[in-house]
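Please read the structure below before turning to the comments.
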Amino acid sequence: MGVGAEFDLAEEFRFQPVQPTTLKERIALQIRQAIIKSDLRPGSRIVESKLAKQMNVAQTTVREAIQELESQGFVVKYVNRESVVRKFTVEDLAKLFRLRLELEGLAMELAHSNIRDNSRDALCRCIDQMRQSARDGSIADFYYFDLEFHRQLWALTNNEFVERALTSLTVGPLAFVLVGVPLPLPVDYEQVAEDHSDLVNALEGGTPAAARKLLETKLRHWNNIQMRALTQVDLT
């Protein structure tokens, strides 16, 4: 098999949920899923020694997994203390969104110059999966592919610092919203997928500034929906 064929195969399966290959990633996945499913609520303690005993793994491996989750914004680790599931207030989320809006707008501008056929196809595959998830009523899968779309967009910046910053600004708060807000939201999820298709079209035409403006408009709209839902629930 040639190099081109290997690349195509990787692209084809890159966006499917797969079992992580390392022990650290498997541990991180279990904790992350427990947080998203509300088995671990915001503010819950995560004791490394207890978790290592339950999973029958070394405590150092658990520590590495928690460090990964901390970098993604899921947990907070205190010096000489256990970790806790990250807890946000509505005010925290508003501040984080303002940063995300600025930084992802920049990402859209940078990506505009780097869009290629293969990267367009990768984005469109995520959108197709979002459409299908919306039709199936699988909201968890919808959000998974929504996040994958944005990760692909961030990768198009060719700036790893932008990618890292957006990961920490987006992934943890998104998980907190999914825990705190009754799902599904009163929106047309298929239309949300089409909104992402509009973003791909903007990357391929017009100007970087116009593409940025479109993304910011759609982000503000979606954030307003989520924030209205959050203000109606008890986050304590």
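The values are calculated or read from the model by the stated rules, or taken from the named source; none is laboratory data. Just so it is clear, the structure is predicted and the values come from calculations on it, not from any experiment. Cβ sites come from the backbone with ideal geometry, for glycine too, and all protein chains shown count toward neighbours. Protein only, heavy atoms only, side chains kept; ligands, DNA and RNA dropped before computing areas. Shrake-Rupley method; radii C 1.70, N 1.55, O 1.52, S 1.80 Å.
For the reader, a short list of remarks on this structure follows.
- Residue within the range 126-141 that is of a type in the set (Val, Ile, Thr), under 16 Å from the mean Cα position of the chain (by Cα) and modelled with pLDDT of 95 or more present: yes
- Of the numbered criteria (1) closer than 29 Å to residue 183 by Cβ; (2) surrounded by fewer than 15 Cβ atoms within 10 Å (Cβ to Cβ), the one residue 129 fails is (2).
- Test: residue in the range 161-175 that is among the β-branched types (Val, Ile, Thr), in contact (Cβ under 8 Å) with a residue 12 or more places away in the chain and surrounded by fewer than 16 Cβ atoms within 10 Å (Cβ to Cβ): no
- Counted residues, the range 197-221 - those being surrounded by 15 or more Cβ atoms within 10 Å (Cβ to Cβ), over 21 Å from residue 144 (Cα atoms) and aliphatic (A, V, I, L, M): 4
- Which numbered condition residue 174 fails, given (1) at pLDDT below 90; (2) part of a helix (DSSP H, G or I); (3) farther than 19 Å from residue 41 by Cα: (3)
- Filtered residues of the range 184-196 (kept if of a type outside the set (Val, Ile, Thr) and either part of a loop (DSSP other than H, G, I, E, B) or open to solvent by 30 Å² or more (accessible area, probe 1.4 Å) (or both)): 184, 185, 186, 188, 190, 191, 194, 195
- Listed by position, the helices (runs of 4 or more DSSP H) inside the range 1-69 whose residues that are within 17 Å of the chain's Cα centre (by Cα), at pLDDT 80 or above and polar (S, T, N, Q) number at least 1 are 23-36.
- Within the range 82-103, residues that are open to solvent by 30 Å² or more (accessible area, probe 1.4 Å) have Cβ atoms under 6 Å from residues that are among the small types (Gly, Ala, Ser) and modelled with pLDDT of 90 or more in these pairs: 103/165, counting only partners at least 6 apart in sequence or on another chain.
- Filter result for the condition that a residue is part of a helix (DSSP H, G or I) and over 21 Å from residue 181 (Cα atoms), over 140, 122: 122
- Flag if residue 75 is over 20 Å from the mean Cα position of the chain (by Cα) and open to solvent by less than 50 Å² (accessible area, probe 1.4 Å): no
- Checked against (1) surrounded by fewer than 16 Cβ atoms within 10 Å (Cβ to Cβ); (2) part of a helix (DSSP H, G or I), residue 114 meets all criteria but (2).
Yes/no per residue for (1) under 13 Å from residue 215 (Cβ atoms); (2) acidic (Asp, Glu); (3) not in a strand (DSSP E or B):
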{"residue": "73", "(1), (2), (3)": "no, no, yes"}
{"residue": "80", "(1), (2), (3)": "no, no, yes"}
{"residue": "88", "(1), (2), (3)": "no, no, yes"}
{"residue": "92", "(1), (2), (3)": "no, yes, yes"}
{"residue": "103", "(1), (2), (3)": "yes, no, yes"}
{"residue": "110", "(1), (2), (3)": "yes, no, yes"}
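- Filter pass, residue 69 being touching a residue at least 12 places away in the same chain (Cβ under 8 Å), in contact with a strand residue (DSSP E or B) (Cβ under 6 Å, 6 or more places away or on another chain) and buried (at least 20 other Cβ atoms within 10 Å of the Cβ): yes
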